[in-house]
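Engineer: Structure below; questions to follow.
The values are calculated or read from the model by the stated rules, or taken from the named source; none is laboratory data. None of these values were measured; they are calculated from a predicted model. Note: ideal-geometry Cβ built from the backbone for every residue, glycine included; neighbour counts use all protein chains shown.
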Ligand code: CAA
């Protein structure tokens with residue numbers, strides 16, 4: 001059985017992590033397949049948004065501890081652990097939505113944090129429990145979590161291995177929305193379809209600008225945003241969007 005399943009539904013691509021026997025533990029085979037699927041859909045003109053989901057018990061329970069247990073320094077250094085295939089998601093320009101049910105622990109939580117939108121089922125549980133292994137979050141957790149929920153909450157989670165339920169994760173701003181478990185797939189797909197119906201270059205500009213806020217001063221970020229805004233005036237879709245509004249008709253975007 002493939003460790004990653006893919007399908008398209010209209011303009012939405014769905015990638016499902018599929019190692020249920022190991023709670024979707026993220027080994028190289030899975031991360032390679034995930035990266036390949038992400039890049040393939042990012043390059044596919046028929047796709048406007050990508051949904052990443054796990055199973056009902058686990059989105060993903062982290063990096064594969066069974067594989068890591070015997071590694072030494074040179075294995076991870078030469079093998080470029082994390083850098084080699086976990087960073088691919090950062091290069092995806094289209095919106096990526098995570099649909100999270102069950103455990104999103106360790107690398108699974110970090111994978112969700114690397115997505116643009118997180119829709120959580122009531123059963124979702126988020127934790128960075130690497131401290132229990134005398135490790136540390138190594139796929140961006142110590143960097144993305146404080147940016148998402150602030151230092152005080154992030155330190156608590158990383159230092160104590162505390163588990164957040166979906167409502168706490170929502171309260172802290174870790175997730176975008178919380179829905180009942182039986183509505184997770186439908187709600188995430190509907191949201192992805194809605195997003196994929198907008199102009200793709202505008203979506204990509206928004207994603208790039210919001211992500212830039214992580215990596216720049218406010219002044220630089222605002223300048224970057226202004227440049228993106230000016231670029232919109234060179235876009236057929238933006239003119240179509242504004243003309244359609246004024247004519248009280250639905251827009252017909254060319255670049256979707
Ligand atoms: N790696 C490898 N196998 C894992 C795994 C992981 N991260 N998480 C779960 N599994 C396996 C278990 O070993 C078990 O396999 P067997 O049936 O062969 O024994 C199977 O998945 C089911 O797991 P459990 O029996 O433990 O299920 P549970 O419901 O009792 O507990 C859990 C669920 C609380 C998530 C527990 O499995 C757990 O704590 N997992 C580890 C979580 C963790 O520490 N993640 C961080 C990994 S390090 C990391 O991610 C580093 C980084 O930043 C990149």
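Engineer: Here's a check for you: in region 84-122, which residue that is within 12 Å of the ligand (Cβ to nearest atom) and outside any helix (DSSP H, G or I) is nearest to residue 210 (Cα to Cα)?
Structural biologist: Step by step, filter region 84-122, then rank; the result is 86.
Engineer: Tell me, yes or no, whether region 51-58 has at least one residue that is within 20 Å of residue 195 (Cα to Cα), surrounded by fewer than 20 Cβ atoms within 10 Å (Cβ to Cβ), within 16 Å of the chain's Cα centre (by Cα) and away from the ligand (no atom under 16 Å from the Cβ).
Structural biologist: No, region 51-58 contains no residue that is within 20 Å of residue 195 (Cα to Cα), surrounded by fewer than 20 Cβ atoms within 10 Å (Cβ to Cβ), within 16 Å of the chain's Cα centre (by Cα) and away from the ligand (no atom under 16 Å from the Cβ).
So that you can scan it fast, the table gives a plain yes or no per residue for (1) assigned to a helix (DSSP H, G or I); (2) touching a strand residue (DSSP E or B) at 6+ places or on another chain (Cβ under 8 Å):
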| site | (1), (2) |
| --- | --- |
| 169 | yes, yes |
| 173 | no, no |
| 204 | yes, no |
| 225 | yes, no |
| 228 | yes, no |
| 254 | no, no |
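Engineer: For region 146-161, give me the residue count where each residue is assigned to a loop (DSSP other than H, G, I, E, B) and more than 9 Å from the ligand (Cβ to nearest atom).
Structural biologist: Of region 146-161, the ones assigned to a loop (DSSP other than H, G, I, E, B) are 150, 161.
Okay, now just the ones that are also more than 9 Å from the ligand (Cβ to nearest atom), so 150.
Residues flagged as assigned to a loop (DSSP other than H, G, I, E, B) and more than 9 Å from the ligand (Cβ to nearest atom) within region 146-161 amount to 1.
Engineer: If a residue has to be under 17 Å from the mean Cα position of the chain (by Cα) and surrounded by 14 or more Cβ atoms within 10 Å (Cβ to Cβ) to count, how many in region 197-210 make the cut?
Structural biologist: Counting residues in region 197-210 that are under 17 Å from the mean Cα position of the chain (by Cα) and surrounded by 14 or more Cβ atoms within 10 Å (Cβ to Cβ) gives 6.
Engineer: From the list 194, 227, exactly one residue is surrounded by fewer than 16 Cβ atoms within 10 Å (Cβ to Cβ) and within 26 Å of residue 11 (Cα to Cα). Which is it?
Structural biologist: After applying the criteria, what remains is 194.
Engineer: While we're on this one: Out of (1) part of a loop (DSSP other than H, G, I, E, B); (2) touching a helix residue (DSSP H, G or I) at 6+ places or on another chain (Cβ under 8 Å); (3) surrounded by fewer than 16 Cβ atoms within 10 Å (Cβ to Cβ), the odd one out for residue 131 is which?
Structural biologist: Exception for residue 131: condition (1).
Engineer: Related question: Given the conditions (1) modelled with pLDDT of 95 or more; (2) surrounded by 14 or more Cβ atoms within 10 Å (Cβ to Cβ), which single one is not true for residue 256?
Structural biologist: (1)
Engineer: Answer yes or no as to whether residue 5 is farther than 23 Å from residue 197 by Cβ and part of a strand (DSSP E or B).
Structural biologist: For residue 5, the condition - farther than 23 Å from residue 197 by Cβ and part of a strand (DSSP E or B) - is met.
Engineer: Which residue pairs have Cβ atoms under 6 Å apart, sit 6 or more places apart or on different chains, and have a first residue in region 187-215 that is in contact (Cβ under 8 Å) with a residue 24 or more places away in the chain and a second that is in a helix (DSSP H, G or I)?
Structural biologist: What qualifies is 199/237; 205/228; 214/147.
Engineer: Follow-up question, since we're still on this one. Just to verify a result, which residue in region 134-145, among those that are over 20 Å from residue 166 (Cβ atoms) and assigned to a helix (DSSP H, G or I), is farthest from the ligand (Cβ to nearest atom)?
Structural biologist: The qualifying residue farthest from the ligand (Cβ to nearest atom) is 143.
Engineer: Across region 24-34, what is the total count of residues that are surrounded by fewer than 21 Cβ atoms within 10 Å (Cβ to Cβ) and touching a helix residue (DSSP H, G or I) at 6+ places or on another chain (Cβ under 8 Å)?
Structural biologist: Selection size over region 24-34: 2.
Engineer: A follow-up question, please. Within region 169-186, how many residues are surrounded by 13 or more Cβ atoms within 10 Å (Cβ to Cβ), farther than 21 Å from residue 9 by Cβ and touching a residue at least 12 places away in the same chain (Cβ under 8 Å)?
Structural biologist: Of the residues in region 169-186, 6 are surrounded by 13 or more Cβ atoms within 10 Å (Cβ to Cβ), farther than 21 Å from residue 9 by Cβ and touching a residue at least 12 places away in the same chain (Cβ under 8 Å).
Engineer: Do we find that residue 37 is away from the ligand (no atom under 16 Å from the Cβ), under 16 Å from the mean Cα position of the chain (by Cα) and buried (at least 24 other Cβ atoms within 10 Å of the Cβ) in this structure? Working first, answer last.
Structural biologist: Details: away from the ligand (no atom under 16 Å from the Cβ): yes; under 16 Å from the mean Cα position of the chain (by Cα): yes; buried (at least 24 other Cβ atoms within 10 Å of the Cβ): no.
No, not satisfied.
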